[in-house]
Amino acid sequence: MTMRILHIDASPRASRSRSRVVAEAFLAGLPDDVQVTLWDVWQMDLPSLGGDMIEGRYELLFGRPVDDAVADEWQAVAKIAADFLAHDAFVISTPMWNFGVPYRLKHFVDVVTQPGMTFRNDAVGNVEGLAAGKRALVIGASAMPIGHDPSLDALDHQYAYLAAWLGFIGVDEIERIQVAPTFGPEDAVAETMAQSCEGAAALARRWALD
Ligand SMILES: Cc1cc2nc3c(=O)[nH]c(=O)nc-3n(C[C@H](O)[C@H](O)[C@H](O)COP(=O)(O)O)c2cc1C
């Protein structure tokens with residue numbers, strides 16, 4: 001069956017993005033029949049999760065009526081979550097921003113991570129992720145050599161956060177390419193990009209065989 005991959009891109013730098021270049025090297029190495037959909041979180045219409053929406057969610061969960069506008073927004077959330085789960089694998093390319101991910105990617109995660117949509121829990125608190133059986137690749141870019149220097153691991157809230165989130169929604173196979181460092185002498189950055197793109201192409205060959 002054709003593999004459907006969702007590429008979630010979180011860099012606002014479009015074609016100059018380091019993380020996106022490496023994601024494209026990965027996607028280019030996949031067989032032609034793989035279907036790739038790009039979601040650029042900076043272009044997506046993501047419902048705002050303000051007070052009315054959060055209160056409305058609890059009302060809806062308890063089967064109580066809510067304003068039409070709130071009901072419509074929750075329909076939009078449910079559609080994004082369902083479209084997200086309609087893929088077999090996720091490729092997330094993201095810069096590191098202040099040790100974590102850009103706020104638009106956090107917004108996306110907050111939108112799709114809803115009980116009954118991407119996970120469910122029972123009365124005693126057991127959680128079942130609804131993305132079980134899917135795989136993910138996280139391509140994170142950072143100016144600092146995060147992921148390549150253990151003394152910096154404590155600063156990494158980028159991969160650590162995304163791996164925790166993906167695990168929570170049930171993704172059981174998570175792989176990582178850390179594009180780092182992307183700041184410094186020109187030849188060092190060129191080396192980062194060459195190694196990352198090479199790693200991405202090798203990983204694509206592995207995914208093609210699985
Ligand atoms: C707002 C902002 C915050 C950043 N914070 C960090 C950081 O905490 N650690 C780091 O190593 N790099 C940081 N960077 C640098 C980027 O992660 C780095 O330039 C990366 O290569 C950008 O990826 P991109 O080209 O895919 O957007 C920051 C950049 C910006 C614009």
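The values are calculated or read from the model by the stated rules, or taken from the named source; none is laboratory data. Just so it is clear, the model here is predicted, and its values are computed rather than measured. Note that we place each Cβ from the backbone using ideal geometry, even for glycine, and neighbour counts take in every protein chain shown. Areas reflect the complete protein model, heavy atoms only, side chains present, ligands, DNA and RNA absent. Shrake-Rupley method; radii C 1.70, N 1.55, O 1.52, S 1.80 Å.
What to note about this one:
- Taking the criterion of being open to solvent by 30 Å² or more (accessible area, probe 1.4 Å) and assigned to a strand (DSSP E or B), the residues of the range 1-39 that qualify are ARG4, GLN35, VAL36, THR37, LEU38, TRP39.
- Condition broken by LYS134, with the remaining ones in (1) of a type in the set (D, E, K, R); (2) under 27 Å from ARG13 (Cβ atoms); (3) in contact with a His (Cβ under 9 Å, 6 or more places away or on another chain) satisfied: (2)
- Of the residues screened, ASP45 is not one that is surrounded by fewer than 17 Cβ atoms within 10 Å (Cβ to Cβ), in a helix (DSSP H, G or I) and away from the ligand (no atom under 16 Å from the Cβ).
- Failed item in (1) touching a residue at least 60 places away in the same chain (Cβ under 8 Å); (2) touching a Leu at 6+ places or on another chain (Cβ under 8 Å); (3) hydrophobic (A, V, I, L, M, F, W, C), with VAL21 passing the rest: (2)
- Check on GLU55, within 16 Å of VAL138 (Cα to Cα) and open to solvent by 90 Å² or more (accessible area, probe 1.4 Å): no
- Residue tally, condition away from the ligand (no atom under 16 Å from the Cβ), open to solvent by 10 Å² or more (accessible area, probe 1.4 Å) and part of a helix (DSSP H, G or I), over the range 75-129: 9
- Within the range 58-74, if we keep just the residues that are surrounded by 12 or more Cβ atoms within 10 Å (Cβ to Cβ) and hydrophobic (A, V, I, L, M, F, W, C), the residue that is farthest from ALA143 (Cα to Cα) turns out to be VAL66.
- Residue pairs whose Cβ atoms lie under 8 Å apart, separated by 6 or more positions or on different chains, with the first residue in the range 147-172 and in a loop (DSSP other than H, G, I, E, B) and the second modelled with pLDDT under 95 and surrounded by 13 or more Cβ atoms within 10 Å (Cβ to Cβ), are ASP156/GLY147.
- Checking TYR161 against (1) within 14 Å of the ligand (Cβ to nearest atom); (2) closer than 24 Å to VAL34 by Cα; (3) of a type in the set (Phe, Trp, Tyr), the condition it does not meet: (2)
Rundown of residues vs (1) modelled with pLDDT under 95; (2) more than 29 Å from ALA132 (Cα to Cα); (3) open to solvent by 90 Å² or more (accessible area, probe 1.4 Å), yes/no style:
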{"site": "TYR159", "(1), (2), (3)": "no, no, no"}
{"site": "LEU162", "(1), (2), (3)": "no, no, no"}
{"site": "ILE169", "(1), (2), (3)": "no, no, no"}
{"site": "ILE177", "(1), (2), (3)": "no, no, no"}
{"site": "PRO181", "(1), (2), (3)": "no, yes, no"}
{"site": "VAL189", "(1), (2), (3)": "no, yes, no"}
{"site": "THR192", "(1), (2), (3)": "no, yes, no"}
{"site": "GLN195", "(1), (2), (3)": "no, yes, yes"}
{"site": "ALA200", "(1), (2), (3)": "no, no, no"}
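- Test: residue in the range 126-149 that is over 30 Å from CYS197 (Cβ atoms) and modelled with pLDDT under 95: yes
- Some residue of the range 55-63 being within 16 Å of the ligand (Cβ to nearest atom) and either acidic (Asp, Glu) or in contact (Cβ under 8 Å) with a residue 60 or more places away in the chain (or both): no
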